[in-house]
Amino acid sequence: MASSRWWLYVQAIFWRFLMRIGMFIHDIAPPRAPRPSFVRSIPAGSGQVHLHFYCPPQYTTHRKEGRRLPVVVNFHGGGFTLGCPTDDSRWAQCVLGEVGAVVVSVGYRRAPEHPFPAAVEDGVRALQYLASHAVELGLDVSRIALSGFSAGGNLAVTVPLRLRNLLDERDRSRHSNSPPNIGPYDSTQNLVPSGSASDINIVALFCWYPILDFEESRDHRRAMSINPSKTLPSFFTTLFDESYLPEREERVSPYASPVRATDEELADSLPHDIFLYICEWDMLLKEGQTFVRRLEKINKHVRAMMIEKAPHAWDKSPNPFRDQVKVNILYRDACADMKHIFDA
């Protein structure tokens, strides 16, 4: 087992290095992607969670005047194993220009060093930190949208599920005068008891090609895809799944596979407005479509868009000659919906 984890770590280091080169090329293509305005770090077990803040031009003025801006909390992709919080800087750039919200991109702890449920716990930590420091940071935590890409799209769904569970556990323990019993997730419980957790109001989710079900085999999903040759190769998906969820019984947890949550859990935890962007050539297409129909049945307002002839993570191409204009059209369309919800 130790040897296996060691080999996963070696592979992760190798692909992280190559991905940084690819994202460097992705970011230098004009127009240049913005850099974070500042970074805050939160202790988390044996590591840290790094919050990268992207702030609109009016941020400093509004903060001095005591005015608060809405917040977009973003989770990057990379199979919970690769990727960095700056990978979605072009998405942040669009949000800053079109919405005028603060974007906080979460550098959660990655697998295999920190397997499940570390990333979900870190998402809860990030929300709790923002709520606790809302006045200092000039944030309106009653207007939070969650966004995420691939693995980050999973976190945009599972973090609200986990947060609601923790709040419910806290309330039950208060009424019963007994300590909460939440199994292997005790490390997150310490984040929630402060009153600021109840100030968090997630008003929308924006999930880009999310993975929603770890129980169904990758081989089956690849075979059932519209264009199997365009799906992620098995050496990537095996690395991701074995790194993040080495214990197979945990793959059915709703905090890993939100499709396994009950209708009641989804209805109570997720906001009314949910946006899913799924790719036609992605092996995750069908589970995304199934999840949309399920959300609609529990009266969520869901807008789903299938991006035609696009593979997984189509918007993160390192090709400097890519058609960024088409990506930006979809980004701006999402931002228009986000701004409407924030301004309502």
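No lab work stands behind these numbers, since they all come straight from the coordinates. For clarity, every value in this text was computed on a predicted model and none was experimentally measured. Ideal geometry is used to build each Cβ from the backbone, glycine not excepted, and the neighbour counts take in all protein chains shown.
With springs connecting C-alpha atoms under 10 Å apart, model the chain as a Gaussian network and identify which of ASP219, ASP87, ASP140 has the largest mean-square fluctuation.
Largest GNM mean-square fluctuation: ASP219.
Loop only per DSSP, at most 15 neighbouring Cβ atoms within 10 Å: give me the trypsin sites (Lys or Arg not before Pro) in the range 24-124, ordered by residue number. Don't jump to the answer; show the numbers that get you there.
Values: sites: ARG32, ARG40, ARG63, LYS64, ARG67, ARG68, ARG90, ARG109, ARG110; in loops: ARG32, ARG67, ARG68, ARG109, ARG110.
Hits after loop and neighbour filter: ARG32, ARG67.
Can you work out the FRET efficiency for the pair GLU215 and GLU113, with r the C-beta to C-beta distance and R0 = 22 Å, to the nearest 0.05?
Using R0 = 22 Å, I get an efficiency of 0.40.
Suppose every K and R has +1 on its Cβ and every D and E has -1 on its Cβ; what is the size of the dipole of the chain about the Cα centre, in Debye to the nearest 20?
On the way: 39 positive and 39 negative charges, 159 e Å.
Dipole magnitude for the chain comes out near 760 debye.
Alpha carbon centre of the range 320-341 versus the range 88-127: separation in Å?
Using only Cα atoms, the two centres lie 19 Å from each other.
With θ set to phi - 60°, apply the Karplus curve 6.51 cos²θ - 1.76 cosθ + 1.60 along the range 28-40 and write out the HN-Hα couplings as whole Hz, x wherever there is a Gly or Pro.
Coupling constants for the range 28-40: 7, 4, x, x, 4, 6, x, 9, x, 6, 6, 10, 10 Hz.
Relative contact order for the range 2-343: what percent, with Cα pairs under 8 Å and sequence separation of 6 or more? Display every interim value, and only then the final one.
On the way: 625 pairs, mean separation 66.5, N = 342.
Averaging sequence separation for qualifying contacts and normalising by length gives 19 percent for the range 2-343.
Identify which of VAL159, VAL325, VAL141 has the largest mean-square fluctuation in a Gaussian network model of the chain, with springs joining Cα atoms closer than 10 Å.
VAL325
Rank the residues TYR9, TYR331, TYR244 as a footprinting-exposure proxy: fewest other Cβ atoms within 10 Å of their Cβ go first.
Going from sparsest to densest Cβ surroundings: TYR9, TYR331, TYR244.
Short version: what are the Cα gyration tensor semi-axes of the chain, square root of 5 times each eigenvalue, largest first, in whole Å?
With the √(5λ) rule applied to the chain, the semi-axes are 27, 26, 21 Å.
Can you work out ³J(HN,Hα) from phi for every residue in the range 300-312, in order, using Karplus 6.51 cos²θ - 1.76 cosθ + 1.60 and θ = phi - 60°, giving whole Hz and x for Gly and Pro?
Whole-Hz 3J(HN,Hα) from phi for the range 300-312: 7, 8, 10, 10, 10, 10, 9, 8, 5, 6, 10, x, 4.
As an exercise, identify the trypsin sites (Lys or Arg not before Pro) in the range 218-313 lying in DSSP coil whose Cβ has no more than 12 other Cβ atoms within 10 Å.
Answer in residue order: LYS309.
Residues with amide H under 5 Å of ALA304's amide H, sequence separation 5 or more or different chain, H placed in the peptide plane at 1.01 Å from N; which?
For ALA304, whose amide H was placed from the backbone, the distant partners under 5 Å are LEU276.
Could you list which residues have their amide H under 5 Å from that of GLY78, counting only those 5 or more apart in sequence or on another chain, with H placed in the peptide plane?
The list, which skips near neighbours in sequence, is ALA151, GLY152.
For a test of the definition: using alpha carbon positions, the gyration tensor, and the 1.5 limit on a/c, classify the range 5-123 as rounded, prolate or oblate.
Judged from the Cα gyration tensor, the range 5-123 comes out oblate (a/c at least 1.5, b/c at or above a/b).
Quick one: what are the phi-derived ³J(HN,Hα) couplings along the range 74-89, Karplus 6.51/-1.76/1.60 with θ = phi - 60°, whole Hz, x for glycine and proline?
10, 10, 6, x, x, x, 6, 10, 10, x, 9, x, 8, 5, 9, 5
Just how many pairs of Lys in the range 2-343 have C-alpha atoms closer than 16 Å, counting pairs that are eight or more places apart or on different chains?
Number of lysine pairs found: 6.
By how many nm would the segment from SER46 to ASP171 lengthen if fully extended, with 0.36 nm per residue of separation less the alpha-carbon distance?
42.2 nm
Using only DSSP helix segments of four residues or longer, with each worth -39500 (n - 2.57), what per-residue ellipticity at 222 nm results for the chain after dividing by its residue count and rounding to 500? Don't skip to the answer; put the middle values down first.
Values: 12 runs with 149 residues, N = 344.
Roughly -13500 deg cm²/dmol at 222 nm, from the helical runs in the chain.
Work out, step by step, the length gained on full extension between TRP7 and ARG20: first 0.36 nm times the residue separation, then minus their alpha carbon distance; give nm to one decimal. Show your work: numbers first, answer last.
Numbers: separation 13, 0.36 × 13 = 4.68 nm, distance 2.02 nm.
So the extension gain works out to 2.7 nm.
Using 0.36 nm per residue, how much length does the chain from ALA344 to HIS301 gain when fully extended, once their Cα-Cα distance is taken away?
14.0 nm
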